[in-house]
Amino acid sequence: MSETTLVTQQVINGLSLGGMYALLALGFTLVYGIIELINFAHFNVFMIGSFIGMWVLQAFGLSGQSVLLTGLPLIGALLAALVVSMFGSGVLGVAIEKYTLRPLRGATGSAGGTIGMITTIGVSYILFNVILLGFGADTKNFPNPLPTIRFHVEGANLDLRVILIWVVSIVLMVGLWLFVQKSRLGKAMRAVAQDAEAARMMGVDVDRAIIMAFFWGSALAGAAGLIFGLYYNFTSFLIGYTAGLRAFTAAVLGGIGNIPGAMLGGLIIGLIESLGGQFIAVKWTDVIIFAILVFVLVLKPTGLLGTMAPSKS
Amino acid sequence: MLTRRNAGKLIAGAAASTTLLGAGFGSARAAGEKEIKIGINLPLTGADAEGANRIKYGALLAIQQANDSNAIPGYKLVPWVLNDATSTAGQYDPAQAATNARKLVADPAVLAAIGPEMSGSGKAMAPILSEAGLATITPSSTNPDITNPKFASEFDPSGKAIYFRTVTTDAFQGPAMANFYADVLKVGSVYVLDDSGAYGVGIADTFSARAKEKGIKVLGRDRLDPLQADYTVGLTKIKALNADSLYYGGVMGAGAKLVKQAYGILPQKMPKAGGDGLLAPEMLTSVGFPAAEGWYCTIASPHLTEDPQVQPFVKLYESTWHTQPDDYAITSYDAGLVIVNAIGDLIKAGKPVTRANVRDAIQASHTKTLQGEVAFDQYGDVVNRTVSVFQVVKNPNYPLTDIIHQFKYIGSAPTS
């Protein structure tokens, strides 16, 4: 394997990781942008999204690596899994907001700050343990309905499922960006992000905007969960931790609260992971990622694309 | 020896004691019988749960048989099962193992223990058990440091062996695979990975050292984080190095993901191997075919489940627990037999049944077990040092999760 092939292969690996991190990072950034809350429950909403995806594929009679579908049934099964895991995760996110965070928001005026954050850590542990106790701790064999089709770029392997990750990630990210920039609800969300009180006085339904942020953030986590399962062919109750932490780092690196920043941060973290693993050593991955994070934040505390948030009084 | 006739009795006994366990330990017992608790510490949830439960069943079977046949007159053995896996670790957790060791030590009725399965847990438990003089017999943990006199101040401060094994250690298991690579498969180079656990790092070290001695070029060494999902980066690197072979020291936590991802990246024909950490039911359930096909693994004991003399035990185990035993379920049963035999020796000699005496009796014991006679050296290691080599080879005549028939026995590894 030549040097060019090797680097190309690692870039492909890194961009696949990065796509997943970016989808996850968007959820952190969307919620933070609106209510200045770091939602740690997001880690395990992602994990549950991957379980939902697995169950849907199993409902189509797929299990392990045995049954391969082609053509329309394949597309149908994948679309169903995507829609159901996005919707299920989205509803879970909304429920978390409604039942654990909104009561706090009522009391203090904002669910941000330490109280909200600690609540989301607690919710995260509940979700984690519900799956652990309900479905066991073993690594689940995720159904793989995709045929192994490979393309070659510079001698490196490019799997069909990698292309799938990229297409789904890009479509969802662009869709989200358009939704936030162009739609009425998106404008309401941005208004709430700038100044919730003023937005309320202008007739914006603040609760609705917040619910939308939780729904779409969590739905993207659900999509990332399904993609994770298809890419690695496994899922387990543990997957939220490392992926969630990396994605959170990506959101901070890109500038938390900033949507293109989250995408950029995700891709950068993915590439650092793969190229750092190649040229230094896999065991140093976390050290490298967090060292770069600290370095960027020292030079630019708002992250790469972040701007100073207007102080909310 | 078990026969078909007494097997029936045992099943009835097993069913009865299962109900007894369900109702809480020691609720119904003949008057005048004294109770001896046997601690059993294993990672019963988490990435290695299936294997751990098979080990537990082996130990429980030995204890039940002893009670049913009244092997220790005047005493009743009561198993006390503890779990050392935690949800945050996702697998065995040394901190939890230490907590469990303190629990065992604190109960004066506990006179001996079986376990732990994992060396990482063993390292955490050994010093606590040593201070209390409580003997444990591990059916599967193979890290040599725990019983190595060089590290006695760390793992055995009291100076008397308390960590006995019915399997040999990685001082032999890692090198055995290196011998097999060099002499049988004739590989020229190898890349070595471990899972950052005590067992994984240790067996990868002993493998690498022997591989170098045998003239195999070790192209590199890296470490996997069991919490991480993606190993494609490290595997791509290994592929680019054109290594002849791969060796992985570690358990299924990282192993399941490694084997799965290696399938798409490394050549199918490239020899890939691990230790007893990979000879686990999860290799067939969490990984499965085709990814697992071709992987070599070893166990630190003779191969027993297909031994014709052991078949009555296999049948009994299957009918009692509705699952298959693996070799470490048998070494666990053997550990139970050793404890029963040692306590029996004490009573025959008319000595008081105390922790210290039970330890001494285990140290001195020569027990007829399913793997032959088990005796220990002064550090607690088993005298028999056989390492068996297996390969995952799809056998369509049996279910694909059949742990006896989907791991093909290759033979015992070359010893030098």
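Here, each number is a calculation from the coordinates, and none is a lab measurement. Just so it is clear, the model here is predicted, and its values are computed rather than measured. Methodologically, a virtual Cβ is constructed for each residue, glycine included, from the backbone with ideal geometry; neighbour enumeration extends over all protein chains shown.
Tell me the net charge near B:M283. Cut-off is 15 Å between Cβ atoms, B:M283 excluded, with +1 for each Lys or Arg and -1 for each Asp or Glu. Kindly include the intermediate steps, with their values, before the conclusion.
Numbers: positive: A:K140, B:R54, B:K257, B:K260, B:K272, B:K394, B:K408; negative: A:D138, B:D48, B:E50, B:D195, B:D276, B:E282, B:E293, B:D326, B:D327, B:D402.
Within the 15 Å Cβ shell, the charges total -3.
Can you give the net charge of the other residues whose Cβ lies under 15 Å from the Cβ of B:A124, counting K and R as +1 and D and E as -1? Present the calculation step by step, with values, prior to reporting the outcome.
Numbers: positive: B:R102, B:K103, B:K123; negative: B:D84, B:D93, B:E117, B:E131, B:D145, B:E154, B:D156.
Summing Lys and Arg as +1 and Asp and Glu as -1 gives -4.
Here chain A is treated with +1 on each Lys and Arg Cβ and -1 on each Asp and Glu Cβ, and its dipole about the Cα centre works out to around 540 debye. Taking a straight Cα-Cα cut-off under 13 Å and skipping sequence neighbours fewer than 8 places away in the same chain, the aspartates and glutamates within cross-link reach of A:K187 are A:D195, A:D205.
Computed from the C-beta positions of A:F135 and A:D205 and an R0 of 41 Å, the FRET efficiency is 0.65 to the nearest 0.05. For chain B, the longest principal axis of the Cα atoms and the long axis of helix B:49-68 meet at an angle of about 30 degrees.
With a ≥ b ≥ c the root eigenvalues of the C-alpha gyration tensor of segment A:23-244, is it rounded (a/c under 1.5), prolate (a/b larger than b/c) or oblate? Intermediate values should be presented prior to the final figure.
Details: a/c = 2.43, a/b = 1.64, b/c = 1.48.
It comes out prolate by the Cα gyration axes.
Here the simple spin-label model places points 7 Å from the Cα toward Cβ, and for B:D107 and A:W284 these points are separated by 4.8 nm. Legend: calculated FRET efficiency, A:Y125 to A:W55, from the Cβ-Cβ distance at R0 = 30 Å, rounded to 0.05, equals 0.85. Angle, helix A:3-35 long axis vs. longest principal axis of chain A, Cα atoms, 0 to 90°, nearest 10? So the helix axis and the longest Cα principal axis differ by about 20 degrees. Would segment B:202-254 count as rounded, prolate or oblate if I go by the C-alpha gyration tensor, calling it rounded below 1.5 in a/c and otherwise prolate when a/b exceeds b/c, oblate otherwise? Oblate. When only Cα pairs below 8 angstrom with a gap of at least 6 residues are kept, chain B shows a relative contact order of 18 percent.
Among A:H152, B:H405, A:H42, sorting on how many other beta-carbon atoms sit within 10 Å of each Cβ, with the fewest leading, yields A:H152, B:H405, A:H42. The residue among A:G203, B:A49, B:L61 whose Cα reaches farthest toward the positive pole of the charge dipole of the protein assembly as shown, with charges on the beta-carbon of Lys, Arg, Asp and Glu, is A:G203. Toward the positive end of the charge dipole of the protein assembly as shown, with +1 on the Cβ of Lys and Arg and -1 on the Cβ of Asp and Glu, the farthest Cα among A:L297, B:P312, B:N148 is that of A:L297. A full extension of the chain between B:D402 and B:A349 corresponds to an added length of 14.6 nm, given 0.36 nm per residue minus the alpha carbon distance. Note on the protein assembly as shown: helix-only mean residue ellipticity at 222 nm, from DSSP H runs of 4+ residues weighted -39500 (n - 2.57) and normalised by residue number, equals -17500 deg cm²/dmol. Kindly provide the trypsin sites (Lys or Arg not before Pro) of segment B:240-328 that DSSP labels as loop, not H, G, I, E or B, and whose Cβ sees at most 12 other Cβ atoms within 10 Å. Answer by residue number: B:K269. Only Lys, Arg, Asp and Glu carry charge here, each on its Cβ (+1 for the first two, -1 for the last two); on that basis segment B:285-399 has a dipole of about 340 debye about its Cα centre. A simple spin-label model places the labels of A:F179 and B:K315 6.3 nm from each other, with each point 7 Å out along Cα-to-Cβ. Sorting A:V174, B:V314 by the number of Cβ atoms found within 10 Å of their own Cβ, with the fewest placed first, yields A:V174, B:V314. Each Lys and Arg Cβ is given +1 and each Asp and Glu Cβ -1; about its Cα centre, segment A:193-304 then shows a dipole of about 240 debye. Take every pair of alpha-carbon atoms less than 8 Å apart whose residues are at least six positions apart; their mean separation over the length of segment B:68-156 yields a relative contact order of 24 percent. Here segment B:220-257 and segment B:340-358 have alpha carbon centers that stand 47 Å from each other.
Just name one of B:A280, B:V233, B:Y199: the one whose Cα is farthest towards the positive end of the charge dipole of segment B:151-287 (beta-carbon charges, Lys/Arg +1, Asp/Glu -1). Going by the charge dipole, the pick is B:V233.
The slack between A:L79 and A:T148, meaning 0.36 nm per residue of separation minus the straight C-alpha distance, is 23.0 nm. Classification of segment A:118-179 by its C-alpha gyration tensor yields an oblate form. The axis ratio a/c (a ≥ b ≥ c) is 1.5 or more, and b/c is at least a/b. Restricting attention to the protein assembly as shown, close to 35% of DSSP beta bridges with both partner residues there are antiparallel. Give the angle, between 0 and 90 degrees and rounded to the nearest 10, that separates the Cα long axis of helix B:327-348 from the longest principal axis of the Cα atoms of chain B. That works out to roughly 30 degrees.
Given a Förster distance of 25 angstrom, what is the FRET efficiency for A:V298 paired with A:R190, based on the Cβ-Cβ distance and rounded to 0.05?
Values: r = 29 Å, r/R0 = 1.17.
Calculated value: 0.30.
With contacts taken as Cα pairs under 8 Å at a separation of at least 6 residues, chain A carries a relative contact order of 37 percent.
Note down the net charge around B:Q96, summing +1 for each Lys or Arg and -1 for each Asp or Glu among other residues with Cβ under 14 Å from its Cβ. Could the numbers behind the result be given before it?
Numbers: positive: B:R102, B:K103, B:K123; negative: B:D48, B:D84, B:D93, B:E117.
Summing Lys/Arg as +1 and Asp/Glu as -1 gives -1.
Spatially, segment A:244-290 and segment B:141-198 are offset by 36 Å when compared through their Cα centroids.
Legend: distances between Cα atoms for B:K76/B:K103; B:K123/B:K351; B:K269/B:K315; B:K150/B:K351; pairs beyond 26 Å are B:K123/B:K351; B:K269/B:K315; B:K150/B:K351.
Please quote Rg/Rh for segment A:207-293 to two decimal places, taking the Kirkwood radius as Rh and restricting both calculations to Cα atoms. Provide the component values of the computation, followed by the final result.
Values: Rg = 14.4 Å, Rh = 14.2 Å.
With Rg and the Kirkwood Rh in hand, the quotient comes to 1.01.
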